[in-house]
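Here the structure is laid out as structure tokens; the discussion comes afterwards.
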Amino acid sequence: MISLLHPQSVILRLHTLKFRALTPRNLLSNANQRRFGLTRRHRSDGRKHSSKSNNTNNPLPPYVTYGFILPTAGLTVASVYAYYSCLDFVPFTHRRRFLATSQAWEAHEGHQQYKALLQRHKNDILPENHRASVTVRRVGSRIAKSAEEFMKRYDAESGPHSDMSDSPYTYTVIRSDEANAFVLPGNHVFVLTGLFRYCHNEDELASILGHEMAHNIARHAGERISDSLVMTMLSRLTLLIDPSGFLFSIFVPAQTLLYSLPHSREHEVEADKIGLVLASEACYDPRSAKQVFSRMKDDTERGSGRNNAPPPEFISTHPGYDTRLNHFDEWMPDAMERFNEDGGMKCRNIRDEMTRARRLAAAKADLNQ
């Protein structure tokens, strides 16, 4: 059945539909769809455009690439190369370490310090014919000869950077109450007369001189300078990261406590070990090293009251006496085997020569008096 509508009623219906389509809610919805490309005719194009933009990587600005990334990468590669090119091994102990200084530079610095110390202590230096000076020079010469043989034997295992300085050894005895001895790069040995309170014979003196010469063999002075260069650079880097200085104030004591002090104690233990080898191969009794440090320990314990106690080992540059004595017990079998080489015949003959040299030196000293 077909119904015929009046033309006016058709027009009225069309206007009503148009009015409903243009309500504010529908207008807002249509506007948003047009704004975001979601109208029916643009939805497919919008999806394609969105997918294309997500798959496209925006390149970094040139100033970021050339001003930051490339310089940082280059500096990192150069630093890693410099670090590995400066790695070295300590003779005998085979410890790997960072060593950025040259043997010639270390010797030059040592010679300058030697001249400065001679000038500073010129009124307290004992003459060369003094009995203490003669004894130190005689024992030191035998330890130096042992050190040369030591380097010939162990230097090939440690690489070409561990050669000893060609400078002859010098021995300087300074009048002082302080019990100490030290060595400078360039083979300059200093002994303070206060040390003779603990060293009562040549064997005991040899244990101390062997320890000091071992510092030169291991080039500990150059290693300390190399480490200080790295730590200085790292400390400056903390100021770049944190200009307020807060990170710097944390880094400096932390690296001292966690790196510098343990490293210094490691040097002392290493010098003890190498020095024991030098003394025993020079035919000085290695057991004398324990006697020297036992006397030092006893003297410290007697003189250390509540206000004069030695610092704990973890904040000290040197290991404690108990630690050193335990290490001597550990190394003593090897040292005694070297001392008794060839059934003891080698050192027996050399020690007879030492006895004659001591008697001759004592006679000369009596004549000079």
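Per-residue 3J(HN,Hα) values for region 322-332, derived from phi via the Karplus relation 6.51 cos²θ - 1.76 cosθ + 1.60 with θ = phi - 60°, read 4, 4, 5, 5, 5, 5, 4, 4, 5, 8, 4 Hz in sequence order (x marks Gly and Pro).
The phi-based Karplus calculation (6.51 cos²θ - 1.76 cosθ + 1.60; θ = phi - 60°) puts the 3J(HN,Hα) values of region 234-247 at 5, 5, 5, 5, 4, 6, 5, 6, 10, x, 5, x, 5, 5 Hz, whole numbers, x for Gly and Pro. The H on the amide N of S176, modeled in the peptide plane, is under 5 Å from the matching H of T193, G194, each at least 5 residues off or on a different chain. Each label was represented as a point 7 Å from its Cα along the Cα-to-Cβ direction; for S79 and E330 these points are 3.4 nm apart.
Quick one: putting +1 on the C-beta of Lys and Arg, -1 on the C-beta of Asp and Glu, what dipole do you get for region 279-369 around its Cα centre, in Debye to the nearest 20? Could you put the intermediate results ahead of the total?
Numbers: 15 positive and 16 negative charges, 99 e Å.
Rounded to the nearest 20 debye, it is 480 debye.
One Cα centroid belongs to region 235-251, the other to region 79-137; the line between them spans 33 Å.
To the nearest 0.05, what FRET efficiency results for L237 and H263 with a Förster distance of 22 Å applied to their C-beta separation?
0.65
Near P312: Cβ cut-off under 14 Å, other residues only, Lys/Arg at +1 and Asp/Glu at -1. The net charge is -1. With each label modelled as a point 7 angstrom along the Cα→C-beta vector, the R302-F246 pair spans 5.3 nm. Spacing of the modelled spin labels on N180 and A362, each 7 Å from Cα toward Cβ, amounts to 3.2 nm. Net charge of the neighbourhood of R197, taken over other residues with C-beta under 14 Å away and scored Lys/Arg +1, Asp/Glu -1, is -1. Taking other residues whose beta carbon is less than 13 angstrom from the beta carbon of E128, and scoring Lys, Arg as +1 and Asp, Glu as -1, yields +4.
Quick note: the coordinates plus some simple rules give every number you see, no bench work behind them. Computed from a predicted model, the values in this text were never measured in an experiment. Methodologically, a virtual Cβ is constructed for each residue, glycine included, from the backbone with ideal geometry; neighbour enumeration extends over all protein chains shown.
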